[in-house]
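Okay, so here's the structure we're looking at.
The values are calculated or read from the model by the stated rules, or taken from the named source; none is laboratory data. In this text, all values refer to a predicted model and were calculated from it rather than measured experimentally. Glycine gets a Cβ as well: all are built from the backbone with ideal geometry, and neighbour counts include every protein chain shown.
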Amino acid sequence: MNKKQKFFAYPYVVWMFIFIVLPIVLVFLYSITTKEVNNIKTINFTLNNYKLFFDPLYIGVTIRSINLALVSTIFCLVLGYPIAFIISKINIKHRNTVLLLFILPMWMNMLLRTYAWMTILGNNGIINNFLNMLGFPSLRLLYNNSAIIIGMVYNFLPFMVLPIYTALSKMDQHLVEASHDLGADNRTTFLRVILPLSLPGVISGIIMVFMPAVSSFVIPRLLGGNRSLYIGTLIENLFLVTGDWNFGSAVAIMMMLIILVSMSILNRFDVDKEGGGSNLW
Amino acid sequence: SSGNKDKVVLNVLNYGEYIDMDLLDEFEKSFDVKINYEIYPTPEDMYTKVKSGATNFDLIISSDYMIERLINEGWVLELDYDNIPNYQYIDEDFRKTAFDPEGKYTVPYFWGTLGILYDTTKVDGTPTSWDLLWDEGYAGQILMMDSQRDSFGAALKKLGYSLNTTDESELEEAKQLLIQQKPLVLAYVVDEVRDMMIGGEAAVALLWSGEAVAAMGENENLAYYVPEEGSNVWVDAMFIPKTSTHKKEAEMFMNFLTEKENTLLNIDYVWYSTVHTEAINEVDEFLFDNPGFNPSDDILERTEMFRDLGDSLQLYYRIWTEVLAN
Amino acid sequence: MGNKIIELKNISKDYDVRVLNKINLYVNENEFLTLLGPSGCGKTTTLRILGGFEFPTEGDLFFEGKNINNVPPHKRQINTVFQKYALFPHLNIYENIAFGLRIKKTSDAIIKEEVKKMLKLVNLEGFESRNIDSLSGGQQQRIAIARALINKPKVLLLDEPLGALDLKLRKEMQLELKHMQREVGITFVYVTHDQEEALTMSDTVVVMNHGEIQQIGTPVDIYNEPENAFVADFIGESNIIDGVMNEDYLVTFLGRTFKCVDYGFNKNESIHVVLRPEDIVMVPEKEGYLKGTVTSTIFKGVHYEMIVNVGALDILVQSTYQSPVGDRVGLKFTPEDIHIMSKEA
Amino acid sequence: MGNKIIELKNISKDYDVRVLNKINLYVNENEFLTLLGPSGCGKTTTLRILGGFEFPTEGDLFFEGKNINNVPPHKRQINTVFQKYALFPHLNIYENIAFGLRIKKTSDAIIKEEVKKMLKLVNLEGFESRNIDSLSGGQQQRIAIARALINKPKVLLLDEPLGALDLKLRKEMQLELKHMQREVGITFVYVTHDQEEALTMSDTVVVMNHGEIQQIGTPVDIYNEPENAFVADFIGESNIIDGVMNEDYLVTFLGRTFKCVDYGFNKNESIHVVLRPEDIVMVPEKEGYLKGTVTSTIFKGVHYEMIVNVGALDILVQSTYQSPVGDRVGLKFTPEDIHIMSKEA
Amino acid sequence: MVKRNLHKIYMGLIFVFLYAPILVLVTYSFNDSTSRGNWGGFTLKWYIDLFNDRDIKTALYYTVIVAVLAATIATFIGTISAIGLYNFNKTPKSIMVNINYLPVVNPDIVTGLSLMILYLSTNMRLGFLSMLLSHITFDIPFVILAVMPKLKSLNKHLTEAALDLGATPLYALRKVVIPEIMPGIITGFLIAFTLSIDDFVISFFTTGSGVTNLSIVIYSMARRGVKPTINALSTLMLTAVLILLFIINKRSALVDGQKNNGGNY
Ligand SMILES: Nc1ncnc2c1ncn2[C@@H]1O[C@H](COP(=O)(O)OP(=O)(O)OP(=O)(O)O)[C@@H](O)[C@H]1O
Ligand SMILES: Nc1ncnc2c1ncn2[C@@H]1O[C@H](COP(=O)(O)OP(=O)(O)OP(=O)(O)O)[C@@H](O)[C@H]1O
Ligand SMILES: [Mg+2]
Ligand SMILES: [Mg+2]
């Protein structure tokens, strides 16, 4: 490709600086100061916000959030990989339609969809009504961790499926044949050829699911009944309810750090070795 | 519709679903003003948005303690009540409130109480106390609010303290009470309480009166009371922030909304208690007899208004976080 | 040689159109069999059916006497060297070659030794930890061969494995492959479109065209006794001339009658006469059976290749001596050099 | 022929290592020049520098006398047929071929005509609306040739354009290309690793190895007067034997002294002797200058290729008559057949 | 064969999972009760209300306009930038790609607030433009992430071939590179559009002057119970999209057909 085409990216490099780097610098500034940063004269630097973060209370919140996000991510992976695999096997003519049908629900407002889940899972919800009709007792489906996980899987599954699908669909079919040829059965071929070759997609998928899952506040609130505090809710509360932007920024920066670190760890397994997880879709 | 550039544009900020939108159209038509109408979900969102100075709002409708905060910060303009002749219809009780003690800044809009909505088919007897929210017999059927002031309000009142206490030991007691209650609670929600109570998903809920009234309109098995230990009364009011560039038109709009006919239209949409002395007599029977909509005076005597707590608010946040994170 | 190890019975394959039509063929144990034919004639398709990657539309496939139509590739004791390499990009060269042994859970020590042997065989010692992308086409091809051979399959399928190699290396690899095939006693089914390669390496050559088998035979048979004009033309460069068989041992073409060694044709049957360029001797014009003008002369290293126009026809002649363009020359050949082919074959 | 159209001066190219080292070369107008060498020797890299896809690390490139080091590919009147086709998968065959003309805003009618002509040329009439994927490798290669030729470039670069074709078609295409080159007067720079192809088609052959030019010359020069052992070995199969030049016209190798036609070496200089297999005549054992045992004999169609072990060495011999393996034979050659090469060349 | 059916059953279940809430949503748009909790009989009144609802109509207008504009502009900038970034040297490239990742990683609320601070500190009036800029900003990274892998798997000889045939780099880009990476561009656009249409937090903080979108309306309604009008609107949107999909499918089938038959021009 033409070296001159580098210039194409220059406008965006400027854009990135203004709209991405600068805001994050602002957030960082908030996190290491007390009160407003608008007035340069009154700025006071402090590390207290970070110290506060390491309070067992917030560490507990962080660990709980990571756990929940991990579980959701694993569910998405386990459910999503077969989906991606099956879609990649579908006749090319219908493939795009299936993919679109897959994304389509995401065009309905997330809040509405989540409310709909409440209608489905509630004590008097659709599932329980159905169970009662069959003579079974009601189950407590809403307002617990499983409800949160269902909600997260529901909302983030496409983020897992799409990158894996992409990785699978661009894989050379001859490689699969070669593996069979060398004596590998379907299982071995999957483990030794298909899976490693789709690893970049899997990694992108994990990142793309883990990130919103760890920072989501709507789903724990609506489907989890806010019974425990998660880091997303914490940040939201700090910014909106408490108005403690300084501590909120510190938590946000810590969360970014957590995500960036896990990303860089994951990228070690990326066969393309491009860094930055550039393998989404 | 009309592209006239010289038309006055009035920037209005309100809770979602808190006005009959036809009134906006009508006001625009009769006064040749254009209304830029924006909505927000919570008072805190409103505060952030107003303080950001992004939009120069001319009229805001919000809740007592947030208004107090803005007044204290010097963000609210004094009103010229001559421009609001309909102010005469506002109930004297609401003209001088805790957040506007001299009645200089606000025109009350709606008001209500904090109380308990319960399902008569699931709850025995006629409860009158906050204790119902701590009744282990309803474990897993109790809905609390994801709102620290309201939840703490219930606990503090149960303990006989003030809603606005800043005494750490009192708050600590309230915190323990809330933590103790946690296993009984189905969920800490705000938006869905009404629907859940109508649908029979829970037995008991901490709720605002207007929501309770709306729920009772849909499900006749529901009942509402303001606990005898006392509770919170709140008032939402209109005010003009200092950013306004069309104060006169904003006051005209306040007057317009305070007209009896318009108030009635709004009541029909919003279902909260009205501050309008004339309109109250013309609402339909269901509302008039409903203790949620039209509480008796002795209930009101037991209630207290939320006050802006200034920096003490942080204390509430911290312990509420501890309750939730527990 | 030995028993039939593979047998194809009436194998046909349709995509949008028919690309293989009733292929009947068997491969003996330890045989080196080559599928030879022009591009698109169905060689790769035939090989893919053997490997189990395509299912025949019709017909049956036998391996050691058992029908294996429905046996999946990994259960066939057949390995393939793919036309476009199909090396695993996520594995380095060592692991690519080791792939088959890893599946069999071979011990690391043995794997190491075997891989080393294979790398030596394909002339790429020391490349173990290199990346696939860093190899040239020819090097990749050789890795693919090593990867298949390490499995010691009963049958090895090779789809133009030497196509990307230069002649020198190709010739070396030809000998190497042939040698290895003898040594380890593997049956090779080999696809090429290089006639010389086919003749050099094979025990049996199968000439295909348009999805049909044209002739099966030893290299010498195929070269010397082509069954039809297509084979004659495709194997080596030939002059194919219309003629009439007057009677046994007597043929007329290009307006003259010649003695020949063929017989058994109908009287006055229309036939094709095949004259190999290397069998034609260039002589002074008056001594030639045919006379013509040299219209082109090309240096080929070993010999010159000249085209002599004899009026109705261009005749290709090879000679170690060059006649300049424009020269009038005569052409001579012996009765043994005249090959007669029936037009219907 | 004519003026230099392309000139490379001291061109070097480094990737991680040096892959081209001080290449000096010019190409005359209308010349057919071939780069010949083993896989990985830098042929493609040289071509890519000519095409403008790589920049030389050192050295200068001239086109019609002007330095074009910094001229981008689309401004060079040079077209390329890529080694791996590089056809546009999103366009059908018609549009692939028409690509260059579309850029020039040629009218549809002319495009249609030209494409048709090109398809005819590459033997793929009627393929207009076919998809690239549905073509065999050979067919794709031919489309790539058509796509480049339709632009009527001043110089056409071809990177093993016939590599994927079968011999028959390859020979036809060789003639076709050569014909076309003469007809339209385009300069061809051709890359191949097929020695015969290089000899057949070229006006000038450039033999490369390890990123360096080994010899430049006409096919006859290259074949008959290789400048070093590598060239001799790479061009045609040769027997290369260590020897000593006793004096002018007298050489000793394999323990015997022979007359030869070479001179100008130092007395008792160590040299390489090259004996072409086709120059060696097989005779009864006692008549031979060298005596040995046949250890291998392969049918090659035109001739048999035999390896004769003469004790210290295997000698390759070509003959139309076959000697069975195990036979004791003698080998004879004339003084003209002995080529002497200095070891330092 | 058994496997085939297993696949089908699995996909069936997944689609049930995906569409169950949608079905609920659609059903309740015909519910003659304001509450989600109970079924009050069939009605079309919410659909009628929809056409008189000023709030929802403006919100719908801005939602669609912003989503279309932001996704389109982001797709354009993102594609061009991806091509540019692809040609960067290793280190700057990996830095840029990582910065590009930040909006994806950041919680929306932080992005929203920090953008708001940015606009305010430059004295920019919040409104349509600021909201559009914000949407573009969080859309672009996703487009780049969608396009980049396609560039990587692109046969680089294709561009060379185009240049070689006389195409200027720009022409090669338009006629060869862009068509080749089109699937990535389309995916990028779809993702950008999806994100835009669903965004609440970032929009809420970066808009003003009466400009809202559906998410803001829905979130602000939530306190008072979401009106079934919104369900009706969603149902209509879903129907519209499905019809659009159907048409596109039909059309592309037609185009394919032409490709296969014509060609002799
Ligand atoms: N998957 C397929 N779908 C449709 N047609 C195909 C397919 N695979 C091959 N063909 C067609 O079948 C015919 C035979 O193809 P095959 O690959 O077997 O040829 P080949 O003899 O190997 O040619 P080459 O020497 O060029 O590799 C060709 O015309 C090809 O276009
Ligand atoms: N982009 C590159 N980066 C590093 N090394 C390269 C690159 N391209 C080519 N090489 C190396 O340069 C050398 C010459 O390669 P080139 O492709 O020119 O060979 P070639 O003569 O065309 O070989 P072949 O006949 O196999 O095509 C090889 O060793 C190759 O590995
Ligand atoms: Mg093939
Ligand atoms: Mg090359």
Notebook entry, point to check: Can you name the strands (runs of 3 or more DSSP E) wholly within region D:268-337 that have at least 2 residues being in contact with a helix residue (DSSP H, G or I) (Cβ under 7 Å, 6 or more places away or on another chain)?
Noted result: D:269-275, D:290-299, D:314-319, D:328-332
Margin query: Between C:MET180, C:MET208, which is away from ligand 1 (no atom under 16 Å from the Cβ) and touching a residue at least 24 places away in the same chain (Cβ under 8 Å)?
Written below: C:MET180
Next item on the list: Check region D:166-173 and report whether any residue there is within 16 Å of ligand 2 (Cβ to nearest atom) and farther than 19 Å from C:PRO161 by Cα.
Entry: no
Notebook entry, point to check: Among (1) modelled with pLDDT of 85 or more; (2) within 16 Å of ligand 1 (Cβ to nearest atom); (3) over 17 Å from the mean Cα position of the chain (by Cα); (4) within 14 Å of chain D (Cβ to nearest Cβ), where does C:GLN141 come up short?
Noted result: (1)
Margin query: Please go through region D:123-154 and give me each residue that is under 14 Å from C:GLY40 (Cα atoms) and of a type in the set (Gly, Ala, Ser), ordered by number.
Written below: D:SER134, D:SER136, D:GLY137, D:GLY138
Notebook entry, point to check: Does region C:151-158 include one or more residues that are within 16 Å of ligand 1 (Cβ to nearest atom) and more than 16 Å from C:ASN92 (Cα to Cα)?
Noted result: yes
Next item on the list: Would you please name the residue that is farthest from ligand 3 (Cβ to nearest atom), looking only at residues in region C:175-193 that are buried (at least 21 other Cβ atoms within 10 Å of the Cβ) and within 12 Å of another protein chain (Cβ to nearest Cβ)?
Entry: C:THR192
Next item on the list: For D:VAL205, work out the one condition from (1) within 16 Å of ligand 4 (Cβ to nearest atom); (2) buried (at least 23 other Cβ atoms within 10 Å of the Cβ) it doesn't fulfil.
Entry: (1)
Notebook entry, point to check: Out of region D:29-81, which residues are near ligand 4 (Cβ under 10 Å from one of its atoms) and either facing another protein chain (nearest Cβ under 10 Å) or of a type in the set (Lys, Arg) (or both)?
Noted result: D:GLY37, D:SER39, D:GLY40, D:CYS41, D:LYS43, D:THR44, D:ARG48
Margin query: Out of the helices (runs of 4 or more DSSP H) lying entirely within region E:11-110, which hold 1 or more residues that are of a type in the set (Ser, Thr, Tyr) and within 14 Å of chain B (Cβ to nearest Cβ)?
Written below: E:54-86
Next item on the list: Would you please list the contacts, defined by Cβ atoms under 6 Å and residues six or more apart or on different chains, that run from a residue in region C:39-58 that is at positive phi to a residue that is within 16 Å of ligand 2 (Cβ to nearest atom)?
Entry: none
Next item on the list: Please give the strands (runs of 3 or more DSSP E) falling wholly within region B:1-84 in which 3 or more residues are closer than 16 Å to E:ARG54 by Cβ and within 14 Å of chain E (Cβ to nearest Cβ).
Entry: B:8-15, B:33-40
Next item on the list: Quick one: which residue in C:LYS105, C:LYS13 is free of Cβ contacts under 8 Å to residues at least 12 places away in the same chain, away from ligand 2 (no atom under 16 Å from the Cβ) and either in a loop (DSSP other than H, G, I, E, B) or at negative phi (or both)?
Entry: C:LYS105
Check: Hey, among the residues in region C:204-219 that are away from ligand 3 (no atom under 16 Å from the Cβ) and under 19 Å from C:ASN30 (Cβ atoms), which one's farthest from the other protein chains (Cβ to nearest Cβ)?
Finding: C:ILE216
Notebook entry, point to check: Of the residues A:ASN96, A:ASN144, A:ASN91, A:ASN155, which single one is among the polar types (S, T, N, Q) and within 18 Å of A:PHE210 (Cα to Cα)?
Noted result: A:ASN155
Note to self: Among (1) modelled with pLDDT under 85; (2) in a helix (DSSP H, G or I), there is one condition A:LEU175 misses while meeting the rest; what is its number?
What the structure shows: (1)
Note to self: Is it the case, given these coordinates, that C:GLU95 is away from ligand 3 (no atom under 16 Å from the Cβ) and in contact (Cβ under 8 Å) with a residue 24 or more places away in the chain?
What the structure shows: no
Next item on the list: Just give me the residues in region B:68-108 being surrounded by fewer than 18 Cβ atoms within 10 Å (Cβ to Cβ) and within 19 Å of B:THR303 (Cβ to Cβ), in sequence order.
Entry: B:ASP91, B:GLU92, B:ASP93, B:ARG95, B:LYS96, B:ALA98, B:PRO101
Check: Is at least one residue of region A:99-116 closer than 14 Å to A:GLY151 by Cβ, among the hydroxyl-bearing types (Ser, Thr, Tyr) and either within 11 Å of another protein chain (Cβ to nearest Cβ) or out of contact with any helix residue (DSSP H, G or I) (no Cβ under 8 Å at 6 or more places or on another chain) (or both)?
Finding: yes
Margin query: Suppose we filter D:THR257, D:THR252, D:THR295 for residues that are within 14 Å of chain C (Cβ to nearest Cβ) and more than 28 Å from the chain's Cα centre (by Cα); which single one remains?
Written below: D:THR295
Checklist line | Test: C:ASN96 is closer than 27 Å to C:ASN131 by Cα and out of contact with any strand residue (DSSP E or B) (no Cβ under 8 Å at 6 or more places or on another chain) | finding: yes
Item checked: Members of region B:85-127 found to be of a type in the set (A, V, I, L, M, F, W, C) and assigned to a strand (DSSP E or B), listed by number -> B:ILE90, B:VAL107, B:PHE110, B:TRP111, B:LEU114, B:ILE116, B:LEU117
Next item on the list: Give the residue, chosen from D:LYS154, D:LYS116, D:LYS104, D:LYS112, that is charged (D, E, K, R), closer than 18 Å to D:PHE53 by Cα and at pLDDT 85 or above.
Entry: D:LYS154
Checklist line | Conditions (1) more than 16 Å from ligand 4 (Cβ to nearest atom); (2) without any contact (Cβ under 8 Å) to a residue 12 or more places away in the chain; (3) buried (at least 16 other Cβ atoms within 10 Å of the Cβ): number failed by D:LYS84 | finding: (1)
Margin query: Scan region A:157-168 and tell me whether some residue there is modelled with pLDDT under 90, more than 14 Å from the chain's Cα centre (by Cα) and facing chain C (nearest Cβ under 10 Å).
Written below: no
Notebook entry, point to check: If you go through region A:194-233 one residue at a time, how many are surrounded by fewer than 24 Cβ atoms within 10 Å (Cβ to Cβ) and within 30 Å of C:ARG76 (Cα to Cα)?
Noted result: 5
Margin query: If I filter region E:169-191 for residues that are out of contact with any Phe, Trp or Tyr (no Cβ under 6 Å at 6 or more places or on another chain), within 12 Å of chain B (Cβ to nearest Cβ) and either acidic (Asp, Glu) or under 16 Å from B:ASP45 (Cβ atoms) (or both), do I get at least one hit?
Written below: no
